[in-house]
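Read-outs throughout are calculated quantities, based only on the coordinates presented, and are distinct from any laboratory measurement. No experiment lies behind these values; they were computed from the predicted model shown. Cβ: placed from backbone, ideal geometry, glycine included. Neighbour counts: every protein chain shown.
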């Protein structure tokens, strides 16, 4: 497989929480661009920890991560990666922090350098695509759990990532919402 076809490469990744056994122990995986991969395992097996290492939120003790061929060695590399890889957190309360839905969904594009008018337009289009028109002025902390999950997804999609990491994406959603 050529490097240009690969989105994520992980070699011998090891991570342990303080004074504990390794949660990730020499994990290796390669994911091609456009490929869909599901990580399945019991609670506490390291799925979320793996995503947090990929995004640079947790510092792994050994191994190597490459995203689109670029080695993730320092914070600058992970910042670059976060502009290309979107992470939907397991708990939407960890992702939503602005007073209104529109502000939350526009936050990512603003951080990517879009002008406020452009960021708002992107946010509105993303909400419309997800069938969430009319949510713009709603207060985020007053949303239901399922609504928070969908708005969190909108915040990630508004940044137009090349790769999506979805941590428990259907948690808190009813079947009609996630099956369609």
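Here are some notes:
- Neighbour counts of other Cβ atoms within 10 Å put 101, 139 in the fewest-to-most order 139, 101.
- Per-residue packing, averaged as other Cβ atoms within 10 Å, sorts the ranges 17-27, 32-42, 61-71 into the order 61-71, 17-27, 32-42, beginning with the highest.
- Taken over the chain, the convex hull of the Cα atoms encloses 134 Å³ per residue.
- Between region 22-99 and region 109-166, the alpha-carbon center distance in angstrom: 21
- Overall form of region 3-82 per C-alpha gyration tensor (a/c, 1.5; a/b vs b/c): oblate
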